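Report on the following structure.
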Amino acid sequence: MIKIVLVFLCSYSVAFAYIPTVESLLRHSSNPDINSNGIALTFVVKKIEAGTKSSGSGDASLLADSKTEDFYKLYFNKINNDIMKVSQTRYANNSFSEGSLQEKIYYPNFSPYTIKGDSESSEKGFFQGVLRSIIFNDGTFLVNYLKSMGISVKLNNEIINRDKVEYLAAYKQYLIAINKDRTIKKTETNPLRPEDPAAREKAERIMAEPMYVDQKQVKLSREDGNMAWLIRANDFEAVVSYQEREIQKFKFKSQFGEFEIICKDYWLANGTHSVPRSMVIKDFKGETFQIEITNLRHYSEKEDDLIKRLKKWDVLLKGKESLDPKPPFLL
């Protein structure tokens, strides 16, 4: 029933006060829907030395030596709303060519529960969750991962006002019926305006309620002088821009330390979809890294073509072994 009235809910809710939910704020709603089943993200990772400032310009002064710069691609192939095939490749230089391929990692069924919530893995889960929120317009992965870490956040379908949904579903059916036959108005009662006073009072009360039960985890605040939405739940905190609904900051505190992602300078990476040009990440150990996103590509790929791509990488990597350490938030 919820799916049936989804479009209707969007237009109807403007008449009532809107209370953002954690899931809706972690969905990059300013981006258009994605029609392809695959996304490839190209990025460069640089380690930032203590005392230096991060920059989106790729300033070489941020690097301690050449080994602190890494080149990666992430491939996401969608299976359903919860599970994807995820592959990560690492390259020796910024050519991202087959000859510079150093490493391949592949997850055939990547879900919010694939990465364990321990000191060695949770940074990977958080980073994947933030990426999924931004590039797939989907906050469910990150919410589910936070839930697996014991954070008391909920999905929209867990806090939706079902009484209100039922009233709206009945009203939608009423509108469809009278649109087909205007005479039905004489015999059918508008479910939002029943004749019985008690029933009408109940309908008006429920329709005046928010669509989602407020969890008291979101509030309007200011960040660097700008209006922004602030999410706080247990040891998790996030800042989302007020108008564009873009994730500005993600922070998680635990017994392992503090993990933080700061997203800067959103841009249309492929002409239609915006992503941060750079991300500054501080890991549990206090080390800081800068990610520069250089390309975002949407593509459609059949299962057979995916298998061919994976086998080709295996051939290229035969005899190679990458022993260089990676930042802890990468797969």
Practice item. Return yes or no: is D324 over 22 Å from the mean Cα position of the chain (by Cα) and either closer than 19 Å to N77 by Cβ or among the hydroxyl-bearing types (S, T, Y) (or both)? Key: no
Check your understanding: In this structure, is G150 more than 26 Å from S278 (Cα to Cα) and more than 14 Å from the chain's Cα centre (by Cα)?
Key -> yes
Check your understanding: Only one of Y212, Y167, Y145, Y171 is hydroxyl-bearing (S, T, Y) and under 17 Å from the mean Cα position of the chain (by Cα); which?
Key -> Y145
**Study point:** Qualifying residue in segment 308-315 (condition: closer than 17 Å to Y72 by Cβ and at pLDDT below 95)
**Key:** no
**Study point:** Scan of segment 91-123 for residues that are over 17 Å from P328 (Cα atoms) and assigned to a loop (DSSP other than H, G, I, E, B), ordered by number
**Key:** A92, N93, N94, S95, F96, S97, S111, P112, Y113
Check your understanding: If H273 passes every condition in (1) surrounded by fewer than 19 Cβ atoms within 10 Å (Cβ to Cβ); (2) at pLDDT below 95; (3) under 20 Å from the mean Cα position of the chain (by Cα) but one, which one does it miss?
Key -> (1)
Review point. Does segment 153-161 include one or more residues that are surrounded by fewer than 16 Cβ atoms within 10 Å (Cβ to Cβ), in contact (Cβ under 8 Å) with a residue 40 or more places away in the chain, in a loop (DSSP other than H, G, I, E, B) and under 15 Å from the mean Cα position of the chain (by Cα)?
Key: yes
Exercise for review: Only residues that are surrounded by 15 or more Cβ atoms within 10 Å (Cβ to Cβ) and charged (D, E, K, R): list them for segment 310-330, please.
Suggested key: K326
Review point. Taking segment 71-110 only, how many residues are touching a helix residue (DSSP H, G or I) at 6+ places or on another chain (Cβ under 8 Å) and of a type in the set (K, R)?
Key: 2
Exercise for review: Please enumerate the residues belonging to segment 235-284 that are small (G, A, S) and within 24 Å of I151 (Cα to Cα).
Suggested key: A238, S241, S254, G257
Revision key, fill the gap. Of the listed residues (S241, S254), the one being surrounded by 12 or more Cβ atoms within 10 Å (Cβ to Cβ) and within 18 Å of V22 (Cα to Cα) is S241
Review point. Which number in (1) out of contact with any helix residue (DSSP H, G or I) (no Cβ under 8 Å at 6 or more places or on another chain); (2) part of a loop (DSSP other than H, G, I, E, B); (3) surrounded by 15 or more Cβ atoms within 10 Å (Cβ to Cβ) marks the one condition that A228 misses?
Key: (2)
Practice item. Give the residue that is farthest from K124 (Cα to Cα), with candidates limited to residues of segment 67-90 that are among the acidic types (D, E) and crowded, with 17+ Cβ neighbours inside 10 Å. Key: E69
**Study point:** Filtered residues of segment 93-122 (kept if among the hydrophobic types (A, V, I, L, M, F, W, C), within 19 Å of K326 (Cα to Cα) and buried (at least 16 other Cβ atoms within 10 Å of the Cβ))
**Key:** F96, L101, I115
Revision key, fill the gap. Going through segment 214-225 in order, the residues found to be closer than 18 Å to G139 by Cα and either of a type in the set (G, A, S) or surrounded by 15 or more Cβ atoms within 10 Å (Cβ to Cβ) (or both) are Q215, Q217, V218
Review point. So how many residues does segment 1-36 have that are surrounded by 16 or more Cβ atoms within 10 Å (Cβ to Cβ), among the hydroxyl-bearing types (S, T, Y) and at pLDDT 50 or above?
Key: 2
Exercise for review: Answer yes or no: is there a residue in segment 201-217 that is closer than 24 Å to G117 by Cα, outside any loop (DSSP other than H, G, I, E, B) and at pLDDT 95 or above.
Suggested key: no
Check your understanding: Any residue in segment 43-58 that is of a type in the set (A, V, I, L, M, F, W, C), surrounded by fewer than 20 Cβ atoms within 10 Å (Cβ to Cβ), modelled with pLDDT of 85 or more and out of contact with any Pro (no Cβ under 7 Å at 6 or more places or on another chain)?
Key -> yes
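The values are calculated or read from the model by the stated rules, or taken from the named source; none is laboratory data. Not measured: the values here are computed from a predicted model. Don't worry about glycine lacking a Cβ; one is built from the backbone with ideal geometry, like all the others, and counts go over all protein chains shown.
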